[in-house]
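Engineer: Below are the structure tokens for one structure; questions will follow.
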Amino acid sequence: MSAAVSALEQLPAPVPDGSATGLWSTTVRRVPGDLEVGGCSVSKLAAQFGTPLYILDEADARARAAAWVSAMREAFAELAGADVYYACKAFASVGVARWMLEEGLHLDTCSEGELRIALAAGARGEQLGLHGNNKSAAEIELALDHEVAHLVVDSLAEVEMVAAAAARRGQVAAVVVRVTSGIHAGGHDFIATAHEDQKFGLSLAGGAAWEAIGRISANPWLRLVGLHSHIGSQIVATDAFVAAARAILDLRARVAGELGTVIPEIDLGGGYGVRYTGADPIPPSPRDFAAVLAAEVARHSAQSGIPAPRVSVEPGRSIIAPAGMTLYTVGTIKDVHVDATRTRTYVSVDGGMSDNIRPALYGADYTAALVDRAPTAPGESGYSRVCRVVGKHCESGDIVVRAVALPEDIHAGDLLVTPATGAYGRVMASHYNILPSPGVIAVRDGRARWLIHRETVADLFALDADYPAADSPAADSPAIAADN
Ligand SMILES: *Cc1c(COP(=O)(O)O)cnc(C)c1O
């Protein structure tokens, strides 16, 4: 193999090791000729539920959610306590929202759809937050109907909108001001959100945050319950969160000094990083993040003499990404000459950018493994084949995995899985090329069930006003029992 091939290209997916710091959800095991997750054979899941398919490891998702709750509760026990809001945007279904509520989390939403999922899961208003930089009047009304714990206001216009709606209803709305602190972090510019030149939040430096705080404090229909900061996504540096916490605590101290109001809460948002490939660093644990945040809150409170606030965080990805994997069937395989010395094997699968847009949207890297064969390390059995896994869409950027070493004998019909796809996959799915969205199953203790049913092409045609109903193909989803 040519020396020009990079180390990353020769990296097979690491072997699942059952650890929370690995790439695979904690119940994934390699057994002879198969992978297991949640006690279920992945080959059997493919046969029963079809591919492509999203698989969520329920025990893993619950454990990660519970780890956030216990880490925050313990770290802030001596201060004013803490709440963990699961960011529904990372993955939303009624089933998963229920898991989160059962594990003691609250739910963050940013649309009518997410709010309705949270409500259907049984969330009470005090367990809900509503985000969004352009909330509709209907979304604000729905949030007020259910007296959500807070609406996170994102602009001065929205302060007025919420105030007007609250006044009309004769109801006081609990609001949090989303502050753009100037601190930003994250793996990609598009997912860094607290720098100034972007659409989210009210600027600290430019004075809009201060203006919003003043207007809210002066309005009898608004109650200022908190200050919010979200600095980006896929962040593995605790110091970025500490810097943001300090900026928010400084602002809170200024409000206490100048307006005489002690704002009861701060919300430090989400963005806690995960591993997508073996080349990614092991991110800090919820316990690590909670400890540094609590230390900063304690230090600031001691120094300013202002009582510590209650603290919220809003993890999405770090709870649900590692719990998920996507299962595909390999189709065509093509060897392409990259240059005079290098060949890359293009492995096509039966999904692609419609079920995982992140590689195309952010240049995100993933890895992959075959279900029935362990990776072959270079030198172990010949050498591994340098592959790029691509989808079936009419777009050359339709990449699933940019570079991964897969077994030499990979062939059509092989089952291929990509780990760590539980977040921002199904929720960002598109119907490009009129592909129906894969379904989502939950696996736990040897049982599998649908969380979201597989779409069929007939489902897609149902909304095409000119599609002749008589011609609609029969639903082609395999008949599935509720449990296997
Ligand atoms: C996206 C987002 C989150 C969740 O981010 P993750 O990277 O999934 O943890 C939380 N809060 C806000 C305001 C967000 O925009």
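All of the numbers you see were taken from the coordinates with simple rules; none came from a lab. Fair warning: this is a prediction, and the values are worked out from it, not measured in the lab. Heads up, the Cβs are rebuilt from the backbone with ideal geometry, glycines too, and the neighbour counts pull from every protein chain shown.
Engineer: Over 5 Å intervals from 0, what percent of Cα-Cα pairs in region 380-435 sits in each interval?
Structural biologist: 4, 14, 21, 24, 20, 9, 5, 2, 1
Engineer: Label Ala469 and Ala412 with points 7 Å out from Cα along Cα→Cβ: what is the distance between them in nm?
Structural biologist: Simple spin-label model gives 3.9 nm for this pair.
Engineer: Then there's this: Could you list Cys394, Cys88, Cys387, Cys110 in order of exposure, starting from the residue whose Cβ has the fewest other Cβ atoms within 10 Å?
Structural biologist: On the way: Cys394 8, Cys88 30, Cys387 24, Cys110 20.
The most exposed by this proxy come first: Cys394, Cys110, Cys387, Cys88.
Engineer: May I pose another question? Restricting to bridges with both residues inside region 8-113, how much of the DSSP beta-bridge set is antiparallel, in percent to the nearest 5?
Structural biologist: Looking only at bridges with both residues in region 8-113, the antiparallel portion is about 60 percent.
Engineer: Further, regarding this structure: So what is the relative contact order of region 1-86, in percent, for Cα pairs below 8 Å that sit 6 or more residues apart?
Structural biologist: Numbers: 65 pairs, mean separation 12.2, N = 86.
It comes to 14 percent, rounded to a whole number.
Engineer: In addition: Express as a percent, rounded to the nearest 5, the fraction of DSSP beta bridges in the chain (both residues included) that run antiparallel. Spell out each step's value before the answer.
Structural biologist: Numbers: 32 of 70 bridges.
Percentage antiparallel, nearest 5: 45.
Engineer: If you take the alpha carbon radius of gyration of the chain and divide it by 2.2 N^0.38 Å, what ratio comes out, to two decimals?
Structural biologist: On the way: Rg = 23.8 Å, N = 484, 2.2 N^0.38 = 23.0 Å.
Relative to the 2.2 N^0.38 Å estimate, the chain comes out at 1.03.
Engineer: Order these peptides, 48-58, 142-152, by their mean beta-carbon neighbour count within 10 angstrom, highest first. Can you show the working numbers first?
Structural biologist: Details: 48-58: 24.1, 142-152: 21.9.
Peptide ranking by packing, descending: 48-58, 142-152.
Engineer: Here is a follow-up. Pull up all non-local amide H partners of Ser384: gap of 5 or more, or a different chain, and H-to-H distance under 5 Å with H placed in the peptide plane.
Structural biologist: When sequence neighbours closer than 5 places are left aside, the close amide H contacts are Gly379.
Engineer: What distance in nm lies between label points placed 7 Å from Cα along the C-beta direction at Ala80 and Asp288?
Structural biologist: The answer from the label model is 2.9 nm.
Engineer: Within 10 Å of each residue's Cβ, count the other Cβ atoms and sort Val404, Val330 from fewest upward.
Structural biologist: Values: Val404 29, Val330 21.
Lowest count first: Val330, Val404.
Engineer: Here's another thing I want to ask about it. Beyond 15 Å, what share of the Cα-Cα pairs of region 210-255 remains, rounded to the nearest whole percent? Provide the component values of the computation, followed by the final result.
Structural biologist: On the way: 547 of 1035 pairs.
Distances greater than 15 Å cover 53 percent of the Cα pairs.
Engineer: Per-residue HN-Hα couplings for region 172-182, Karplus 6.51 cos²θ - 1.76 cosθ + 1.60 at θ = phi - 60°, whole Hz, x for Gly and Pro?
Structural biologist: 8, 9, 7, 10, 10, 9, 7, 9, 8, 7, x
Engineer: Further question on the same structure: Points 7 angstrom from Cα along the Cβ direction at Thr341 and Glu126: gap in nanometres?
Structural biologist: In this crude spin-label approximation the distance works out to 6.7 nm.
Engineer: Going highest first, how would you order 72-83, 334-345 by mean Cβ packing within 10 Å?
Structural biologist: On the way: 72-83: 17.8, 334-345: 12.1.
Going by the mean number of other Cβ atoms within 10 Å, highest first, we get 72-83, 334-345.
Engineer: Oh, and also: Determine, for Glu139, Glu102, the number of other Cβ atoms within 10 Å of each Cβ, and report the residues in order from fewest to most.
Structural biologist: Working: Glu139 20, Glu102 13.
Ranking Glu139, Glu102 by Cβ neighbours within 10 Å, fewest first, gives Glu102, Glu139.
Engineer: Let me ask something additional. Pairs of Cα atoms under 8 Å, at least six residues apart: use those to get the relative contact order of the chain, whole percent.
Structural biologist: Values: 1122 pairs, mean separation 98.0, N = 484.
About 20 percent, as a whole number.
Engineer: For region 17-22, in order, what is each residue's ³J(HN,Hα) by Karplus, 6.51 cos²θ - 1.76 cosθ + 1.60 with θ = phi - 60°, in whole Hz (x at glycine and Pro)?
Structural biologist: Each residue's phi maps through the Karplus curve to give 10, x, 9, 6, 9, x Hz.
Engineer: How much length would be gained if the chain were fully extended between Asp17 and Lys334, taking 0.36 nm per residue of separation minus their Cα-Cα distance, in nm to one decimal? Working shown, then result.
Structural biologist: Numbers: separation 317, 0.36 × 317 = 114.12 nm, distance 3.16 nm.
Net length gain for the segment: 111.0 nm.
Engineer: Let me know the Kirkwood hydrodynamic radius for region 288-329, please, with Cα pairs as the basis and the value in Å to one decimal. Intermediate results must be reported in sequence, preceding the final value.
Structural biologist: Values: mean 1/r = 0.0762 Å⁻¹.
Result for region 288-329 stands at 13.1 Å.
Engineer: Shifting gears a bit: Residue by residue through region 56-62, which ³J(HN,Hα) values in whole Hz follow from phi under the Karplus form 6.51 cos²θ - 1.76 cosθ + 1.60 (θ = phi - 60°), with glycine and proline marked x?
Structural biologist: 10, 8, 4, 4, 5, 4, 5
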